[in-house]
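Data block below; observations after.
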Ligand SMILES: Cc1ncc(COP(=O)(O)O)c(C=O)c1O
């Protein structure tokens, strides 16, 4: 299908989106949107709700709850945009999201059209990418559609012509989606991997990570190693620690390195301007927090020199493509070719999938990406405070107090006997009993990871808070987890 046809096909979606046009909502809700996302309101309600710590009037949890409840009607409207099974409470968006109705309907219509007309999918989806890119702060040549986060990580890591002995600095809390292409690079090119051991819990700051990466790179360099790249998850999937991209980028630039971010959870959760952050690659999922269809991802690739990152663009070859440019990458502010097109176009693609992803992205733009980020983080901050009230702050694997490190993933040790955190069977049982034995059908997951000084891996309960949740869901979850942890003590 040609670009023009895709745009035409997309017109139906835009009409459908008009039904959720926020300008048509009552003024009270519009005012709330403005207050939540911008100006003084944003400062007061920003990440981790910094303001709550300065209050004398109530506990942080009570204040956070009051803020969530005050705006319940608006978010109830947003909740109604989804088709999730009402007998369950889905709190594992970190693994998979759910398409909003508007995207689902478009997907359905376009699938049927494609089946009826037997259309092909030869395209770099330029027109759709152009609709998505601005909200991510990049140009169309810098935003590719990938198959998912793992596919984007393969594009990024396996496209770089590594030399034997090159060192990639990363962490010991990476996901297989990044670890697998790293392992291939080790065997195929003789790359060396240097892993930093990750701290856990609330007692950490953005500076902790800046120092950890800087110290490791300096140590390697002084041992004569050829450090070439840094690869890290932001956030990590195990503790939900948002490794601070801006701070780590300062280190990357100071040492002249390639930067690769596993940002699986970023699209649809955090409202970032990627051209300002300036990393070389950010691989995110389209099917998690962004709530596009399965098999969709968003890969951002730095494709021109900006003040945010004056380093030369790394040499890179497409590894999975039908579009290959032999041009050199640019050395200035103008791209020499559309690198994102070469990632996106590989044979015949399933166009309805990317149309539905674009539809979900446009819905997010309409609700307001900053509003969504603030809401998700408020829910997560509320959950963390309630966990602290019951289990104590030392139960948290996620940070809660440094706004630069928090995201909408919350990870903690649910067990009354703290050593049970190392009991894999108990962790599995906890997740299945939580869903089976409580009326809300609570769906969470556990995640296993090394903890500095621990004899074996810890198994945290990991909870995702997103658009279809409210304060009541958090209350029900915390009560159920407290009850079940008592029963399993
Ligand atoms: C940090 C991280 N990276 C990569 C992945 C893989 O994601 P995908 O299924 O989009 O490939 C995940 C999935 O949970 C993840 O959490």
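Label-to-label distance for residue 425 and residue 276 is 5.1 nm, based on points extended 7 Å past Cα in the beta-carbon direction.
Scaling the Cα radius of gyration of segment 120-364 by the globular reference 2.2 N^0.38 Å produces a ratio of 0.96. In terms of other Cβ atoms within 10 Å, 166, 187 run from fewest to most in the order 187, 166. Structural descriptor for the chain: relative contact order 23 percent, calculated from alpha carbon pairs under 8 angstrom and at least 6 residues apart.
Based on the Cβ-Cβ distance from residue 390 to residue 325, what FRET efficiency comes out when R0 is 45 Å, to the nearest 0.05? Working shown, then result.
On the way: r = 57 Å, r/R0 = 1.26.
Between residue 390 and residue 325 the formula returns 0.20.
At an R0 of 25 angstrom, the distance between the Cβ atoms of residue 452 and residue 218 translates into a FRET efficiency of 0.75. Remark on the chain: hydrodynamic radius 23.3 angstrom, per the Kirkwood mean of 1/r across alpha carbon pairs.
The ranking of 288, 88, 404 from fewest to most other beta carbons within 10 Å of each one's beta carbon is 88, 404, 288.
Cut-off is 10 Å between beta-carbons; in what order do 291, 361 appear when sorted fewest neighbours first? Don't skip to the end; give the middle numbers.
Details: 291 31, 361 25.
With the fewest neighbours first, 291, 361 line up as 361, 291.
Take residue 66, project a point 7 Å from its Cα along the Cβ direction, then tell me which residues of segment 371-391 have their backbone nitrogen under 13 Å from it. Within reach of a label on residue 66, which here means backbone N under 13 Å from a point 7 Å along Cα→Cβ, segment 371-391 contributes nothing. Over segment 340-489, Cα pairs under 8 Å with separation of 6+ residues give a relative contact order of 25 percent. Computed extension length for residue 418-residue 130: 98.7 nm, one decimal, from 0.36 nm per residue of separation with the Cα-Cα distance subtracted.
With Cα atoms defining each centre, segment 95-123 and segment 253-299 are spaced 24 Å apart in the structure.
If contacts are Cα pairs under 8 angstrom and at least 6 residues apart, what is the relative contact order of segment 120-364 in percent? Can you show the working numbers first?
On the way: 508 pairs, mean separation 69.1, N = 245.
The value is 28 percent.
From the alpha carbon centroid of segment 69-88 to that of segment 377-414 is 23 Å.
With q set to 0.19, 0.25, 0.28 Å⁻¹, the log10 of I(q)/I(0) for segment 82-147, from the Debye formula over equal scatterers at the Cα positions, is -1.03, -1.11, -1.14.
Where a number appears in this text, it was derived from the coordinates with a stated rule and is not lab data. Please read all numbers here as calculations on a predicted model, not as lab measurements. Glycine also receives a Cβ, built like all others from the backbone with ideal geometry; neighbour counts cover every protein chain displayed.
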